[in-house]
Amino acid sequence: MPRRSFPDLLALPQPPLGTWTQIRSEEVVDMLGAAGFDFTIVDCEHGAFGIETAEKLFRACDANGIVPLVRAPSADPVFIGQALDAGAAAVVVPGIASAEQACAMVAAARFAPEGTRGACPCVRAGDHFIRDWRGHVARQRESVGVIALVETRAGLEAIEEICAVDGLLALLIGPFDLSVSLGHAGDYLAGEVQAGIGRMLRAARANGLPVMAPIFNPQPDEARRQRDDWKARGATMFVVGTDKIIAAYALQAYAIGSR
């Protein structure tokens with residue numbers, strides 16, 4: 001099956017729907033594909049695995065027609081290059097706090113002379129031996145890159161400059177971490193947090209930057225309500241729960257129903 005890319009998500013007739021992959025199982029990725037998810041974000045920050053496992057999960061995504069995104073463990077240029085070489089369609093970089101940092105992350109996803117990404121012709125993204133190196137570079141520039149995860153007070157204060165950085169693929173809003181950073185201890189519905197989210201949405205919209213929004217509750221009716229609320233505010237892509245949250249919700253429902 002041809003690998004799907006981030007631009008493929010933007011071309012879908014409906015808002016793309018994804019989740020986070022925190023379970024180190026290709027079989028779970030198979031299930032996401034069968035269920036109709038458009039993408040998943042392989043979580044190397046909070047998942048208990050690294051790039052070796054992530055590459056296997058990327059392969060499972062490709063086999064199921066799911067766009068493989070990955071969350072880096074930190075704002076690490078080396079990891080960005082490794083993940084893109086391994087076949088990630090985009091890298092979610094956590095904790096973006098300034099335009100300068102965002103620029104450095106975009107550069108880490110691009111080859112010289114535009115960027116700082118290490119060049120190697122023998123990587124999975126290029127089918128392990130690139131004969132048309134210039135074509136590979138052009139395809140990578142057109143289809144892969146960095147998604148800025150903004151989730152701190154510093155990032156919020158710099159959001160207009162961050163969203164104006166050339167080369168970012170999208171903005172991912174992190175309400176839970178933002179609430180912690182603003183002193184609300186996980187209460188992402190607090191007025192200050194919601195005002196900050198509104199500011200992020202306006203900044204992204206002003207720069208034509210797609211917005212990815214998290215939906216925390218996996219209960220279908222509540223998930224739809226949250227999706228519709230985000231959509232009305234300008235979000236264009238949605239990340240529902242995580243594979244762990246979805247599985248835990250289903251297991252709990254069965255356990256309660258059987259007592």
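Every number in this text was worked out from the coordinates using simple rules, so none of it is lab data. Only a predicted model underlies this, so the values are computations on that prediction, with no experimental measurement involved. Positions of Cβ are backbone-derived with ideal geometry, glycine not excepted, and every protein chain shown enters the neighbour counts.
Laid out as a table, the results:
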item	result
Local electrostatic count, Gln22, Cβ distance below 13 Å [Lys/Arg +1, Asp/Glu -1]	0
³J(HN,Hα), Karplus 6.51/-1.76/1.60, whole Hz, each residue of region 75-90, x for Gly, Pro	7, 10, x, 5, 4, 4, x, 4, 5, 5, 4, 7, x, 5, 7, 6
Of [x] 17.9, 63; [y] 23.1, 84; [z] 17.8, 56, the label for Rg and Dmax of the Cα atoms in Å derived from the coordinates	[x]
MRE, 222 nm, helices only [DSSP H, n ≥ 4, -39500 (n - 2.57), over the chain, to nearest 500]	-13500 deg cm²/dmol
Over 12 Å [Cα-Cα, region 38-89], rounded percent	58 percent
For region 164-173, Karplus couplings with θ = phi - 60° (6.51, -1.76, 1.60), whole Hz, Gly/Pro x	8, 5, 5, x, 5, 7, 6, 10, 10, 8
Loop-resident sites, region 130-165, for trypsin sites (Lys or Arg not before Pro), counting at most 15 other Cβ within 10 Å (DSSP)	Arg131
Loop chymotrypsin sites (Phe, Trp or Tyr not before Pro), region 174-259 (other Cβ atoms within 10 Å of the site Cβ: 15 or fewer; DSSP)	Phe216
Amide H contacts of Val146 (H built 1.01 Å from N, under 5 Å, at least 5 apart or other chain)	Val91, Leu169
Relative exposure of Thr242, Thr236, Thr19, judged by other C-beta atoms within 10 Å (fewest first)	Thr236, Thr242, Thr19
